[in-house]
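Beneath this line is the structure, given in structure tokens, with notes to follow.
The values are calculated or read from the model by the stated rules, or taken from the named source; none is laboratory data. Just so it is clear, the model here is predicted, and its values are computed rather than measured. Positions of Cβ are backbone-derived with ideal geometry, glycine not excepted, and every protein chain shown enters the neighbour counts. All accessible areas refer to the heavy atoms of the entire protein, side chains included, with ligands and DNA or RNA removed. Shrake-Rupley method; radii C 1.70, N 1.55, O 1.52, S 1.80 Å.
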Amino acid sequence: MSPRFLQTLRLGLKSLLLHKLRSGLAILGILIGVTAVIWLVAMGEGVSYQAQQQIKELGANNIIVRTVKPTGDATRGPGGRMSVLAFGLLREDFDRILKIPTVREATPLREIRKEAFFLDRHLDIRLVGCTPTYLELANLKLARGRFISDFDGEHSENVCVLGEETSRKLFPYESPLDKAIQIDKQVYRVVGETEFRSSSGNIGGSFSGQNYNLDVYIPLNTLRWRIGDRVLSSRTGSFEAEEVQLSQVTATVDSLDDVDKTADVIKTLLNKYHKNADYEVIVPKELLRQAEVLQMMFNVLLVLIAGIALVVGGIGIMNIMLATVTERTREIGIRRALGAKQSDIVQQFLSETVVLSATGGLLGVLLGFCCRPVVQVVRTLARTLHPDLYSSLPANIQQLEPRLAAWSVAVAFLSSVIVGVAFGLYPARRAAMMDPIEALRHE
């Protein structure tokens with residue numbers, strides 16, 4: 001750096017230190033803007049990463065076909081007192097999907113909301129009828145015991161595997177293995193327990209969130225023969241029933257290149273046998289592409305929102321520098337009379353604005369790095385001081401981890417300097433354009 005530039009910078013610092021409070025407030029405006037950019041992007045990156053991980057867990061080579069309740073009137077049963085709505089995937093649909101040449105394997109399941117009992121304890125659970133391949137498909141791990149086997153399914157055995165929270169609440173003081181729980185009028189022997197698994201969040205409205213820890217898994221054939229396809233409910237003196245054979249079929253394709261083509265084949269195949277829109281085909285690979293696009297859009301939006309705070313900070317700098325120019329009119333006149341050029345005056349005042357904005361930017365970056373620790377402290381305090389409120393929050397909020405993006409730090413700091421220069425240019429030019437004689441007369 002040239003001695004002249006260093007002298008100008010030293011004069012700028014000296015002038016700012018004469019008004020510490022005013023300079024501090026200007027720095028605070030930039031600091032808040034830079035911190036907002038880094039924190040908002042970090043939170044957005046955390047949400048996006050969480051969604052993308054959940055989509056990846058579904059498997060890029062998988063195609064998920066889910067039952068959807070159609071909009072329309074139910075089919076009336078005999079006598080008018082029983083209304084039965086039959087919809088969704090059929091066991092024949094599973095066989096058809098399995099015969100598609102590009103499908104390596106397919107995993108069916110049926111899920112029903114039920115209440116499980118053990119002694120005087122009871123719990124609302126999701127009863128899942130599935131096959132042994134569901135353990136790997138859902139990324140579940142066993143904490144103890146075993147998962148359901150092919151033998152259990154072939155013989156419709158009354159065995160079950162409990163999710164972590166189900167086991168903890170029904171058996172808080174003992175091992176659940178070889179104990180019996182009751183669901184409806186059936187008794188099931190516990191043969192295993194899964195480890196805690198992070199709950200999945202809603203993914204783009206296409207795939208509903210799921211708490212795997214409140215599940216009870218039984219063989220699919222056992223659910224069919226012990227409970228059946230119909231779920232009954234009573235309302236105002238009449239009975240209603242929904243009849244669903246399968247809630248979901250997950251098809252695994254050998255090659256990633258065949259996923260889209262196979263999904264189209266499944267849609268065409270099911271359209272031939274389903275008059276109503278009672279199913280949906282979900283391709284995780286497509287969801288992942290959508291999530292990546294949404295992440296970029298989300299980041300742009302967050303940067304624009306946080307940029308407003310930077311602009312407000314820039315306006316604060318301009319306001320302070322305009323006041324400074326007015327206060328130092330006589331000083332400007334003296335410098336001009338001693339031979340200072342207009343460019344020297346511009347350089348002096350711009351150096352002051354750059355010092356303000358760069359200082360605010362650096363402090364904002366330091367606070368930006370505190371995003372994750374602050375979130376962890378807030379989460380710990382909320383869990384300790386308000387456990388009920390914390391437990392009522394959605395799982396994806398409880399598990400949210402901010403992810404600091406290096407580009408956001410660079411963009412935020414450079415933006416703070418640019419804002420300082422942009423908003424300091426007008427006061428600097430105004431100071432430089434003063435008539436030296438009029439400036440010297442100023443009181």
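Within the range 105-134, count every residue that is open to solvent by 20 Å² or more (accessible area, probe 1.4 Å) and of a type in the set (Phe, Trp, Tyr). So the count comes out to 2.
Within the range 239-281, the set of residues being assigned to a loop (DSSP other than H, G, I, E, B) and closer than 14 Å to residue 86 by Cα comprises 244, 245, 247, 274, 275, 276, 277, 278.
Return a yes/no flag: does the range 366-375 have any residue that is open to solvent by 80 Å² or more (accessible area, probe 1.4 Å), of a type in the set (Val, Ile, Thr) and farther than 21 Å from residue 197 by Cβ. No; the residues of the range 366-375 include none that is open to solvent by 80 Å² or more (accessible area, probe 1.4 Å), of a type in the set (Val, Ile, Thr) and farther than 21 Å from residue 197 by Cβ. Count, please, the residues in the range 336-365 that happen to be crowded, with 19+ Cβ neighbours inside 10 Å and of a type in the set (Lys, Arg). Within the range 336-365, residues that are crowded, with 19+ Cβ neighbours inside 10 Å and of a type in the set (Lys, Arg) number 1. Figure legend. Inter-residue proximity from the range 322-337: first residues touching a residue at least 60 places away in the same chain (Cβ under 8 Å), second residues open to solvent by 40 Å² or more (accessible area, probe 1.4 Å) and aromatic (Phe, Trp, Tyr), beta-carbon distance below 9 Å, spacing 6+ or different chains. Indicated pairs: 322/426. Scan the range 251-280 for residues that are over 15 Å from residue 100 (Cα atoms) and of a type in the set (A, V, I, L, M, F, W, C) and the total you get is 2.
If I filter the range 266-280 for residues that are β-branched (Val, Ile, Thr), closer than 23 Å to residue 134 by Cα and either open to solvent by less than 20 Å² (accessible area, probe 1.4 Å) or modelled with pLDDT of 85 or more (or both), do I get at least one hit? So that I can check it myself, show each step before the final result.
Within the range 266-280, the subset β-branched (Val, Ile, Thr) is 266, 268.
Filter once more, keeping what is closer than 23 Å to residue 134 by Cα: 266.
Subset that is either open to solvent by less than 20 Å² (accessible area, probe 1.4 Å) or modelled with pLDDT of 85 or more (or both): 266.
Yes: the range 266-280 contains one or more residues that are β-branched (Val, Ile, Thr), closer than 23 Å to residue 134 by Cα and either open to solvent by less than 20 Å² (accessible area, probe 1.4 Å) or modelled with pLDDT of 85 or more (or both).
Of the residues 137, 177, 162, the single one that is in contact with a helix residue (DSSP H, G or I) (Cβ under 8 Å, 6 or more places away or on another chain) and surrounded by 16 or more Cβ atoms within 10 Å (Cβ to Cβ) is 162.
Filtered by the rule that a residue be farther than 20 Å from residue 211 by Cβ, assigned to a helix (DSSP H, G or I) and in contact with a strand residue (DSSP E or B) (Cβ under 6 Å, 6 or more places away or on another chain), the range 122-175 gives 152, 153. The requirement of being without any contact (Cβ under 8 Å) to a residue 24 or more places away in the chain and under 15 Å from residue 222 (Cβ atoms) is fulfilled somewhere in the range 181-196, by at least one residue.
A Cβ distance below 6 Å, combined with a sequence gap of six or more or placement on separate chains, defines the contacts here; from the range 164-175, residues that are touching a residue at least 12 places away in the same chain (Cβ under 8 Å) reach residues that are part of a helix (DSSP H, G or I) in the pairs 164/213; 165/213; 165/214; 166/214.
Matching residues to (1) in contact with an Asp or Glu (Cβ under 9 Å, 6 or more places away or on another chain); (2) in contact (Cβ under 8 Å) with a residue 60 or more places away in the chain; (3) closer than 19 Å to residue 24 by Cα:
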| position | (1), (2), (3) |
| --- | --- |
| 357 | no, yes, yes |
| 370 | no, no, no |
| 385 | no, no, no |
| 391 | no, no, no |
| 399 | no, yes, no |
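Return yes when residue 426 is assigned to a helix (DSSP H, G or I), more than 25 Å from the chain's Cα centre (by Cα) and either hydroxyl-bearing (Ser, Thr, Tyr) or within 30 Å of residue 345 (Cβ to Cβ) (or both) and no when it is not. In short, yes. Quick check: is even one residue across the range 383-398 open to solvent by 60 Å² or more (accessible area, probe 1.4 Å), out of contact with any helix residue (DSSP H, G or I) (no Cβ under 6 Å at 6 or more places or on another chain) and among the charged types (D, E, K, R)? Taking every residue of the range 383-398 in turn, at least one turns out to be open to solvent by 60 Å² or more (accessible area, probe 1.4 Å), out of contact with any helix residue (DSSP H, G or I) (no Cβ under 6 Å at 6 or more places or on another chain) and among the charged types (D, E, K, R). Taken together, 222, 262, 250 contain a single residue that is polar (S, T, N, Q), within 24 Å of residue 117 (Cβ to Cβ), at pLDDT 80 or above and buried (at least 21 other Cβ atoms within 10 Å of the Cβ), which is 222.
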